[in-house]
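Written out below as structure tokens is the structure these notes cover.
The values are calculated or read from the model by the stated rules, or taken from the named source; none is laboratory data. Worth saying up front: this structure is predicted, and the values here are computed from it rather than measured. Cβ placement follows ideal geometry from the backbone for every residue including glycine, while neighbour counts extend to all protein chains displayed.
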Amino acid sequence: MQRMKIKELVAAAYASLSELPPEKAQLICELATRLDVTFAALTESLDQRMSLDAEINQLRKGGAAGGER
């Protein structure tokens, strides 16, 4: 099996639900949902980190806007 990206893995999990017994389908659905939400949160936190890192670098290069206290 080829290594899938997270979005592909989540989509494949949802697509396979109809082929599974109800208990297993519920478990796979829950796992896929949690993986999707965790990935979204991780992506958001990485975006925020990169934005803050750029802001810090800008402040270091140009000094603090508005003067120092």
Starting from segment 21-43, keep only residues that are of a type in the set (Asp, Glu), then list their pairs with residues that are surrounded by 12 or more Cβ atoms within 10 Å (Cβ to Cβ) and part of a helix (DSSP H, G or I) whose Cβ atoms are within a distance under 7 Å, requiring at least 6 positions of separation or different chains.
36/10
Out of (1) at pLDDT 95 or above; (2) touching a helix residue (DSSP H, G or I) at 6+ places or on another chain (Cβ under 8 Å), the one residue 22 does not meet is (2)
